[in-house]
1. Once the other residues with Cβ under 15 Å from the Cβ of B:Lys72 are scored (Lys, Arg +1; Asp, Glu -1), what is the net sum?
2. In terms of Cα to Cα distance under 18 Å, which lysines are near enough to B:Lys196, apart from those fewer than 8 places away along the same chain?
3. How much length would be gained if the chain were fully extended between A:Ile7 and A:Thr59, taking 0.36 nm per residue of separation minus their Cα-Cα distance, in nm to one decimal?
4. What net charge is computed for the residues neighbouring B:Thr45, neighbours being all others with C-beta under 9 Å from the C-beta of B:Thr45, Lys and Arg scored +1, Asp and Glu -1?
5. Give the distance, in whole Å, between the Cα centre of the range B:112-176 and the Cα centre of the range A:264-336.
6. Treating cross-link reach as a plain straight distance, find the lysines whose alpha-carbon is under 21 Å from the alpha-carbon of B:Lys318, omitting any fewer than eight places away in the same chain.
7. Using 14 Å as the cut-off for backbone N distance, which residues of the range A:257-293 belong to the label zone defined by a point 7 Å from the Cα of A:Asp333 along Cα→Cβ?
8. May I ask you to derive the FRET efficiency for A:Lys227 and A:Ser366 from their Cβ-Cβ distance with R0 = 41 Å, giving the value to the nearest 0.05?
Amino acid sequence: MADREIIAPASEAEAADIIREAAASGTTLEIAGGGTKRGIGQPFEADRTLSSAALSGITEYNPAELVLTARAGTPVAEIEAALGENGQMLAFEPGDWRGLTGMDGTPTVGALAAANISGPRRISAGAARDALLGVRFVNGRGEIVKNGGKVMKNVTGLDLVKLMAGSWGTLGFLTEVSFKVLPRTGTEETLVIHGATDGEAANLMAAALGTSTEVSGAAHLPEGVAKRVGLDGGAATLLRLEGFAESIAVRLDRLRAALPGAPGTSVLDEARSRSAWKRVRDVEPFAGTGRPLWKVSVAPMAGHDVAAMVLREVQGEAFFDWQGGLVWLQLDDGNDAAPAIVREAVAKCGGGHATLVRAPEAVRASVPVFQPQPVPVAALSERVRAALDPAGIFNPGRMVWNGGRKAA
Amino acid sequence: MDKIRFLEPRADIVARREEIRTGLANVVPADCLVTDERELVPFETDAFTAYRRVPLAVVLPETTEQVAAVMKYCTDNGVPVVPRGAGTSLAGGAIPQEDAVVIGVSRMSCILEVDYENRTARVQAGVTNLRISDEVSADGFFYAPDPSSQLACTIGGNIGMNSGGAHCLKYGVTTNNLLGVTMVLQDGTVIELGGKALDAEGYDLLGLVCGSEGQLGIVTEATVRLIAKPEGARPVLFGFDSSEVAGACVADIIGAGIIPVAIEFMDKPAIDICEAFAHAGYPMDVEALLIVEVEGSEDEMDAMLSRIIAIARKHNVKRVRESQSAIEAAQIWKGRKSAFGATGRVADYICMDGTVPLGQLSHVLRETANIVEKYGLRVANVFHAGDGNMHPLILYNVNDPEEAEKAEAAGAEILKLCVDAGGCLTGEHGVGIEKRDLMLHQFTETDLNQQMAVRAAFDPGWLLNPSKVFPLDLDMRKAG
Ligand SMILES: Cc1cc2nc3c(=O)[nH]c(=O)nc-3n(C[C@H](O)[C@H](O)[C@H](O)COP(=O)(O)OP(=O)(O)OC[C@H]3O[C@@H](n4cnc5c(N)ncnc54)[C@H](O)[C@@H]3O)c2cc1C
Ligand SMILES: Cc1cc2nc3c(=O)[nH]c(=O)nc-3n(C[C@H](O)[C@H](O)[C@H](O)COP(=O)(O)OP(=O)(O)OC[C@H]3O[C@@H](n4cnc5c(N)ncnc54)[C@H](O)[C@@H]3O)c2cc1C
C-alpha cells in the first residue's frame, strides 16, 4: 500500500475542519489508528491518511462506574494498563493481531471499536460492539456527532454506536469512545479434553455450554495446532472456567460429570491456561506466515463441517474458537484463497460469513474480502453509508468489492 | 392533559379511509383485518394511556408475507404504519394516529425452532417474552432479558424498545441477546439480518434495528440467545438508614469487583407501598432497601454473599435478611415485582426512566426529592440500581389537571437532571412520544439530524411510526 500524506489532527474541531474541506474538495481519506490492520479489507486508494494518533489519552475513568472513556488514538496498551491497575478489563478480550497481519504499530482503542474484534470470551461476555457504550465521531460532512452515552442502559434514540462498531472507518472518524469494563475474573483454569475429532469436539463443547458451569471459552485445536499452542497429546478441546478458585474446583467436577464419554482429560493451571488462551486469541498458530487466512463465523455446530468441506478441496488447516462457531482457516499458498470453495461451504452449512483476513494484495483485490450481502441488504447498507458520508470520502471501497477495479 | 402534540392527520388519507380499508382487505384475509370502530378502540393507545388516537385500520397478520403485502400496499398508497406488539409501551411508542394502519404482530406467536446445541431459539415476533423461557426451562435454559412486563410484552416490542429488566446487570439487555431478525422494510422487501452465526460482517444493521422503536421496519421473526440456567439464585435484602448510604453501598459492591445478577433499590415510600400490597415482610424501620441477587452453586453464592454483606456492614446496614428457602426468595422478589401495580392502587403516577452513572445515584436521588417537593408532590423510587437505571414514580391525582401538569413538569426536570449528571433520558422504556421533545436536552440538532438521516435510509417517505422519538419540529422538517 502506497504511503500517503498523513494528517494527525490534535483536536476534534481540527478533525472536523479537515474533513469538511476534504468533503468540499472531493479529497478521499484513509482513516487510521496505529495502522496495524491496514492490510485488512479491500485494497483501496485514498488521497491522504487521517490518523487518530494525536487524539490520545483517557478522558474519564471511574472504576466504580465500570465505564472508561478515551480519545480514539489512545494506545490499547495504555488502556489495558489503566484497567489493570484497578483490577478491571475489556471483557470482550480482543486479540493482538500484529503477528497475524505482520504489521508493526501501536494498536489504538478507536480501531478496537471500528473493527469490532472480539476474542474467546465473546461467547459469554459479548462482542466489542456489546461493550461499546458511546462514541463521538466526525461524519463525512465534517459535523461532530455524539451517540450513546457513558451508562450501561440507554435507549435514547437510534443506536448509531452499533453502526460504528465494525464499520472499519467507512462511516466516520471516531474521536472518542466509551467502553463498558468489567472486574477481572479472578483466577482461571482450563479443562483439556485430549484426542477428540473435530465433530466429537463440537458435541462436547455444546454439552459444556449447556451446563450451568459458566464456561467462558470453548475452543478446539486439531493435533498440529495444539502442538503449536504448547499442548501435547493430540487434538485438544479447551474449556475455560474463570472466577474464585474454590468455585472453579466445584465447577470443574461438574463439567467433567457432564461430559461422559469424553476421551482423556487434563487441567491447565492458571499460568498455562492464560498462555494457551492468549495464543488462541491472537491466532498465534497461524501468525508469522503470509498464507491466505479466513475468519469464518457460522453456527457453532456447523464449524467443523465447514472446515472439513473446504479442506477436502484445498490444502490447509483449521482451528475453532467460540464453541466451534469461529473457524480460523489457513490455506496453503497457490490457490488464490479459494473464495468460492470457502463461501460455498459456509452456505451449505447453514450460512454465516467468511472474511479473508490475510492474503497478498493482488488476491485481496480480486475477491470480495468481506462476505457479500444479499442485494437488498447491500442496497440498504449503501444508503446507510451515504447517510453518514454522502461524498464517500472515508476509506472508499474498503468494505465493498468493486469487481476488482481499484477505486479511482 | 393533552400537552404532547400530535401530527394533524392527513386529510387526503382520512378521506380515502374506505378505499384503503378495501385495499387492505384485498391483500390480507378478512379475519386479519380490523375496521369496526368498536374493535379499533383497544388499539387507540398503549400503556401511555393519557393519549389516544383511533387508527384508520388494524391488521393482525399471521405470516411475514402478509406483513410484506400490507407494507407494500401502504407504501404505494402513502399510508403511515404503526408497528405494535402487545402495546405495553410506557412511552407511547405504539400509539397510533388517525391516518395510520396499525400492524400488530400478536398473532404471530409460534416458537419456530429451539436449538440447544447452538443455544438459540427462533420465534415469531408476537411470542411473549416469558414464553421463551417457559418453553426451554424444563431443559435447563432461559432467555435472559426480563422486563417486568414479560408476561404480556412481545419479542417484537422488546426489540422495538431494546428492553431490559432486573437481571440485565449480568446478562445485558435485548440487543446483547438478539442474534438475528427477519424484517419487512417499508416497501415490503423482506430481509434477514444476523442468524445463528455471530457478528456478521458489514454494518451492524441488527444493532441499529434494536431499540429503533418501530421506525426502521417490522420485525416478524427473531433468533435469540438461550443461556443455561444457573444452578441456584439467592436474593438478600438490606435495609439502610438513608438512600444515600444505600446508593454508596451499590457503588462499593461494583467497585469491589462483584457483579451480582441484580441490584434493586427501593426508598421508604416505595417500601411502604409494596409492603402494604405484597406483605413481603420488608423492614419498616429503614429508609432504603437493596435487593441483591447472586447466582451459582451453593458455595459460590455463600462466598459472594459474605463479601457483599461485609461491604454492606461497612455502610452500617441496619437489617440483613438472607433468604433461606425458595419461598423466602420469592417473598423478597414479590414486593419488588409488584411495585408498579401496588403504586397504582394508592395513587396515579407517572414512571420516569432515566439512567445515571453509578457515582451520581445519591446526588440524583437527593435532587429528585427536592424537585418533587418543589411541586408539592410525592415520589416513590424503585429501580435497577446496579446499572443506574432510575424509576422515580411521581404520585399525583389524575383528576386534578393542575397536579397532572405539575407531575409532567417535575418528570421533565428529573430527566434533565439525569442527563446533566452524565446519564440519559431513557434506559429501557424508550422515547416514544413521551420524551420526544426532551431529546434536544441530551443531543444537539446535528446529533439528531444524523440519526434522522440514517432513519431515512430505511424509510425515505417517513411512513413508519412517524412523529415518535424525534422532536416534532425537526421530524416534520425531515419528513418534508
Ligand atoms: C501489547 C498489546 C497487547 C494487545 N492485546 C490486546 C488486548 O489484550 N486487548 C485489546 O483490547 N487489544 C489488544 N491489542 C490490539 C488490538 O486488538 C488491535 O490490534 C488494535 O486495536 C488495532 O488498532 P490500530 O489502531 O492499529 O488499527 P488500524 O489498522 O489503524 O485500524 C483498523 C481499522 O479501524 C479503522 N479506524 C482506526 N481508527 C479509527 C478512527 N479513529 N475512527 C474510525 N475508524 C478508525 C481503520 O480505518 C481500519 O479500518 C493489543 C495491542 C498491544 C499493543
Ligand atoms: C407494568 C409494566 C412494566 C414494564 N417494565 C418494563 C421493564 O422492566 N423493562 C422494560 O424495558 N420495559 C418495561 N415496560 C415497557 C414495555 O413493556 C416494553 O417496552 C416492551 O418491550 C414493549 O413490548 P410490547 O410488545 O408491548 O410492544 P409495544 O408497546 O406494542 O411496542 C413497543 C415499540 O416497539 C415497536 N414494535 C412493536 N412490535 C414491533 C415489531 N414487530 N417490529 C418492529 N417494531 C415493533 C412499536 O412500534 C413501539 O415503538 C413495562 C411496561 C409495563 C406496562
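Every number here is computed from the coordinates shown, using simple stated rules; none is lab data. Model, not experiment: these values are computed from the prediction. Note that each Cβ is placed from the backbone with ideal geometry, even for glycine, and that neighbours are counted across all protein chains shown.
1. Residues near B:Lys72 contribute -4 overall.
2. A:Lys295, A:Lys348
3. On the way: separation 52, 0.36 × 52 = 18.72 nm, distance 2.23 nm.
Result: 16.5 nm gained on full extension.
4. Values: positive: B:Arg52, B:Arg53; negative: B:Glu44, B:Asp46.
Cβ neighbours under 9 Å give a net charge of 0.
5. If you average the Cα positions of each part, the centres end up 31 Å apart.
6. Within the straight-line limit of under 21 Å, B:Lys318 reaches these lysines: B:Lys268.
7. A:288-293
8. Details: r = 34 Å, r/R0 = 0.82.
Once rounded, the FRET efficiency stands at 0.75.
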